[in-house]
Amino acid sequence: MLNKENVLEVLKDVIYFPKGDNIIALNMVDNLMVKDNAIRFDLIMEHANDPKNDILVNGAKRTLTEVFGEGLDIEIKVVEEKTALSKVKHIIAVASGKGGVGKSTVAANLAIALARANQRVGLIDADIYGPSVPIMFGLGNEQPAAFEKDGKTVMLPIEKYGIKLMSIGSFVDPERPLIWRGPMATSALNQLMNDTLWGELDWMVVDMPPGTGDIQLTLAQQYNVSGAIIVTTPQKVAFADVLRAAMMFKEEALQIPLYGLVENMAYFTPYDLPNNKYYIFGRETGKQFAEKLGVPFLGQIPITEKIAESGDAGIPLALDADSPVSKAFDQIAQSIINV
């Protein structure tokens, strides 16, 4: 019998594979109307203009026809999902193959450089097991404000230096380790992404955990990531880790474009002699890595005495317009904006 209840039951057989469940369980069907031999409903998708939506629409029509017979008048309207990220234009992941390469330093200073280029910027500290944004931005014990909206608790990001910030480090004891299984870590990421009122952003920079794991997979499969940056150090022995990180984003299950490679700690520059460059870990290695991977080489970040000091003091060095570090990040930011 063709009625609303039976149509809903049949649509449970229509699977949205990117999220691994049916369109009813995922609350993707809205405004369902069944009358005579006509079926009308809205299909809620993350991006209404995505050509891949046609696959799901045609699948739903085929499933309904197989059960209720030919001659149905089926109209499915694709509408865009209204989420906390609806007004975020670009999500960029900052990743590395291993820890200790300065990935969080790159993420924080890149966010500053993008803001200096008159972009609206948010920064998510998704390094769940080693959050550093609260220290690098001098947040202390400050926590995001929270309130109820439509029966759900939502958060307002902390704003500093013109950047909207969210980190798991704002909610946990910094002196105690997070002993979490993968599902708990991904749940924390989803809360930071979806339960925060981000508003309009040009760029959301995501500081990823090192390596290849649950957080990377969740970000790639559940969010529309515009691209990723791989951070490396100059040592040739680091290439194996860089290769793993780069190949992760090229996997069929992820398929995230690579903006390119950033070489951190590329050379030492004394603060009072900014034109002097001392290549203490090797020269042009980052550029060679990028060529082997077939990705753009975005630039070199020098070591200076102040880069660690500024991060520990909660004042990212990219705020100093005269610093060679700031100038390097300005060039990287412009390269990304111009893609």
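The values are calculated or read from the model by the stated rules, or taken from the named source; none is laboratory data. Keep in mind the model is a prediction, meaning the values are calculated, not measured. Note that we place each Cβ from the backbone using ideal geometry, even for glycine, and neighbour counts take in every protein chain shown.
Determine if the range 318-325 includes at least one residue that is closer than 26 Å to Ala228 by Cβ, surrounded by 14 or more Cβ atoms within 10 Å (Cβ to Cβ) and among the polar types (S, T, N, Q). Spell out how you get there, then give the answer.
Initially, the range 318-325 is screened for residues closer than 26 Å to Ala228 by Cβ, giving 318-319, 323-325.
Next, only the ones that are surrounded by 14 or more Cβ atoms within 10 Å (Cβ to Cβ) stay: 318-319, 323-325.
Restricting the remaining residues to those that are among the polar types (S, T, N, Q) gives 323.
Yes, that holds for at least one residue.
Scan Ala108, Ala115 and give me the residue that is among the small types (Gly, Ala, Ser) and either out of contact with any helix residue (DSSP H, G or I) (no Cβ under 6 Å at 6 or more places or on another chain) or over 27 Å from Gly227 (Cα atoms) (or both). Don't jump to the end; show me each part of the working.
Numbers: Ala108 fails: either out of contact with any helix residue (DSSP H, G or I) (no Cβ under 6 Å at 6 or more places or on another chain) or over 27 Å from Gly227 (Cα atoms) (or both).
After ruling out the rest, the residue left standing is Ala115.
Report yes if some residue within the range 132-152 is of a type in the set (Ser, Thr, Tyr), within 26 Å of Leu217 (Cα to Cα) and at pLDDT below 85; otherwise report no.
Restricting attention to the range 132-152, the residues satisfying the condition of being of a type in the set (Ser, Thr, Tyr) are 132.
Adding the requirement that they be within 26 Å of Leu217 (Cα to Cα) leaves 132.
Narrowing further to those that are at pLDDT below 85: none.
So far as the range 132-152 goes, no, none of its residues is of a type in the set (Ser, Thr, Tyr), within 26 Å of Leu217 (Cα to Cα) and at pLDDT below 85.
Filter the range 257-280 for residues that are surrounded by 16 or more Cβ atoms within 10 Å (Cβ to Cβ), within 21 Å of Ser323 (Cα to Cα) and of a type outside the set (D, E, K, R) and give the result.
Selection gives Val262, Asn264, Met265, Ala266, Tyr267, Thr269.
Is it the case that some residue within the range 55-78 is exposed (fewer than 13 other Cβ atoms within 10 Å of the Cβ), modelled with pLDDT of 90 or more, of a type in the set (A, V, I, L, M) and not assigned by TED's automatic domain parsing to the domain that holds Leu123?
For the range 55-78, residues exposed (fewer than 13 other Cβ atoms within 10 Å of the Cβ), modelled with pLDDT of 90 or more, of a type in the set (A, V, I, L, M) and not assigned by TED's automatic domain parsing to the domain that holds Leu123: present.
Taking the condition of being touching a residue at least 60 places away in the same chain (Cβ under 8 Å) and farther than 27 Å from Arg116 by Cβ, how many residues in the range 190-209 meet it? Give the derivation first.
Taking the range 190-209 as the starting set, the residues that turn out to be touching a residue at least 60 places away in the same chain (Cβ under 8 Å) are 192-209.
Retained after the next criterion (residues that are farther than 27 Å from Arg116 by Cβ): 194-195.
Residues in the range 190-209 being touching a residue at least 60 places away in the same chain (Cβ under 8 Å) and farther than 27 Å from Arg116 by Cβ: 2 in total.
Taking the conditions exactly as written (among the basic types (Lys, Arg) and in contact (Cβ under 8 Å) with a residue 24 or more places away in the chain), does Lys160 satisfy them or not? First the steps, then the outcome.
Working: among the basic types (Lys, Arg): yes; in contact (Cβ under 8 Å) with a residue 24 or more places away in the chain: no.
The answer is no for Lys160.
Please count how many residues of the range 282-320 are outside any helix (DSSP H, G or I) and touching a residue at least 40 places away in the same chain (Cβ under 8 Å). Full working, then the answer.
Looking only at the range 282-320, we keep the residues that are outside any helix (DSSP H, G or I), and these are 282-284, 294-304, 313-316, 320.
Right, trim to touching a residue at least 40 places away in the same chain (Cβ under 8 Å) and you get 282-283, 295, 298, 301, 313-316.
Adding up the residues that qualify gives 9.
Residues in the range 236-283 that are closer than 24 Å to His90 by Cα and among the acidic types (Asp, Glu): how many?
Within the range 236-283, residues that are closer than 24 Å to His90 by Cα and among the acidic types (Asp, Glu) number 3.
Consider Ile24 against the criteria (1) touching a Lys or Arg at 6+ places or on another chain (Cβ under 9 Å); (2) part of a strand (DSSP E or B): it satisfies all of them except one. Which criterion is unmet?
(2)
Filter the range 140-161 down to the residues that are surrounded by 15 or more Cβ atoms within 10 Å (Cβ to Cβ) and in contact with a helix residue (DSSP H, G or I) (Cβ under 8 Å, 6 or more places away or on another chain), then identify the one that is farthest from Asn118 (Cα to Cα).
Across the range 140-161, the extreme among qualifying residues is Pro144.
For the range 144-153, give me each residue that is part of a strand (DSSP E or B) and either hydrophobic (A, V, I, L, M, F, W, C) or within 17 Å of Ile124 (Cβ to Cβ) (or both). Quick ask: steps written out before the conclusion?
First pass over the range 144-153, keeping only residues part of a strand (DSSP E or B): 145-149, 152-153.
Of everything in the range 144-153, those that are part of a strand (DSSP E or B) and either hydrophobic (A, V, I, L, M, F, W, C) or within 17 Å of Ile124 (Cβ to Cβ) (or both) turn out to be Ala145, Ala146, Phe147.
Among what's in the range 187-209 and is surrounded by 21 or more Cβ atoms within 10 Å (Cβ to Cβ) and either at pLDDT below 90 or of a type in the set (Phe, Trp, Tyr) (or both), pick the residue that is nearest to Tyr129 (Cα to Cα).
Pro209
Please state which one of Ala246, Ala253 is modelled with pLDDT of 80 or more and not acidic (Asp, Glu). Even if it seems obvious, please write down each step before you answer.
On the way: Ala253 fails: modelled with pLDDT of 80 or more.
Sole residue among the options that is modelled with pLDDT of 80 or more and not acidic (Asp, Glu): Ala246.
Look at the range 261-296 and say how many of its residues are of a type in the set (D, E, K, R), within 18 Å of Lys103 (Cα to Cα) and in contact with a Ser or Thr (Cβ under 8 Å, 6 or more places away or on another chain).
At the first step, the residues of the range 261-296 found to be of a type in the set (D, E, K, R) are 263, 272, 277, 283-284, 287, 291-292.
From the residues that got through so far, the ones that are within 18 Å of Lys103 (Cα to Cα) too are 263, 287.
Add one more test, that the residue is in contact with a Ser or Thr (Cβ under 8 Å, 6 or more places away or on another chain), and what stays is 263.
Qualifying residue count for the region: 1.
Taking the options Ala328, Ala313, Ala308, name whichever one is under 18 Å from Ala108 (Cα atoms), assigned by TED's automatic domain parsing to the domain that holds Thr105, within 23 Å of the chain's Cα centre (by Cα) and not polar (S, T, N, Q). Spell out the reasoning first.
On the way: Ala313 fails: within 23 Å of the chain's Cα centre (by Cα); Ala308 fails: within 23 Å of the chain's Cα centre (by Cα).
Exactly one residue qualifies, and that residue is Ala328.
Being of a type outside the set (D, E, K, R), within 19 Å of the chain's Cα centre (by Cα) and modelled with pLDDT of 90 or more, is that true of even one residue in the range 261-276?
Applying the first criterion (of a type outside the set (D, E, K, R)) to the range 261-276 yields 261-262, 264-271, 273-276.
Within this subset, residues satisfying the condition of being within 19 Å of the chain's Cα centre (by Cα) are 261-262.
Pick out the ones that are also modelled with pLDDT of 90 or more and you get 261-262.
Yes: the range 261-276 contains one or more residues that are of a type outside the set (D, E, K, R), within 19 Å of the chain's Cα centre (by Cα) and modelled with pLDDT of 90 or more.
Contact list please: Cβ distance under 8 Å, first residue in the range 130-150 and closer than 24 Å to Ala313 by Cα, second residue at pLDDT 85 or above and of a type in the set (Lys, Arg), pairs at least six apart or on different chains.
Between residues of the range 130-150 that are closer than 24 Å to Ala313 by Cα and residues that are at pLDDT 85 or above and of a type in the set (Lys, Arg), the close pairs are Phe137/Lys160; Gly138/Lys160; Leu139/Lys160.
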